[in-house]
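Report on the following structure.
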Amino acid sequence: MRTRLLQGLSLLSTGLLAGAFCYGAANLVPTFNTVSLDMRLDFHAELMKMNGITVQGTMAISALSSLALAALTRGRTRVLAATAGALTVASFLITRFGNVPINGRIKQWAATAPPADHAGILHRWELFNYARTLTAVVAFALLTFLALRETAPSRGSLGRESQAPDRVPRDT
């Protein structure tokens, strides 16, 4: 029961993380690129205030629950859960060392003026954003695979073969 709850928490939190990043990549980034630079900088700076709390919290829950799931399971389930956890940690590291420093610069630009090379820096932010989106989506896909694999009729708890035979013999 504890493992099933942990699996549900890891799947939910990683799905929320992947969804948030996908929304940003599919909707926010293209919108950022169509509005004026001043509007983008102001909105980006304000958005990061909220994202700093929600996204980092979701990343922490996702990573910890996936890694805890890996610790409580074995075999292929352990490998896939650990990989999902590692990918979520990668999303965090990309965010922390890629996006966050640029977010700090964007906040300064919103208060003053962007430098001449701002387009290249914003493009680099977008590349980091796509990288963290990819790692979160793959982590979610792995956890989804685990959940779907578990529900297969011939499978037992968390994908291990059940002890029951595949076929029930008929009376003849």
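Readers should treat all values here as calculations from the given coordinates under stated rules, not as data from a laboratory. Computed from a prediction, not measured in an experiment: that's the story for all the values here. Glycine also receives a Cβ, built like all others from the backbone with ideal geometry; neighbour counts cover every protein chain displayed.
Observations on the structure shown:
- Projecting label points 7 angstrom from Cα along Cα→Cβ for residue 53 and residue 97 puts them 2.9 nm apart.
- Label-point gap, in nm, between residue 43 and residue 29 - each point 7 angstrom along Cα→Cβ: 1.6 nm
- Placing unit charges on the Cβ atoms only, positive for Lys and Arg and negative for Asp and Glu, gives the range 1-105 a dipole magnitude near 600 debye about its Cα centre.
- Taking Cα atoms only, the orientation of helix 118-150 departs from the longest principal axis of the chain by about 10 degrees.
- Whole-number Å³ per residue for the convex hull built on Cα positions in the range 4-79: 83 Å³
- Rg/Rh (Cα only; Kirkwood hydrodynamic radius) as it applies to the range 1-155: 1.08
- When the Cα positions of 7, 91, 45 are compared along the charge dipole of the chain, 7 comes out farthest toward the positive end, with charges on each C-beta of Lys, Arg, Asp and Glu.
- Label-point separation in nm, residue 145 to residue 72, each point 7 Å along Cα→Cβ: 2.2 nm
- 3J(HN,Hα) along the range 21-28: 5, 5, 4, x, 5, 7, 10, 5 Hz, from the Karplus curve 6.51 cos²θ - 1.76 cosθ + 1.60 with θ = phi - 60°, whole Hz, x for Gly and Pro.
- Angle of helix 100-111 to the longest C-alpha principal axis of the chain, folded into 0 to 90 degrees and rounded to 10: 30°.
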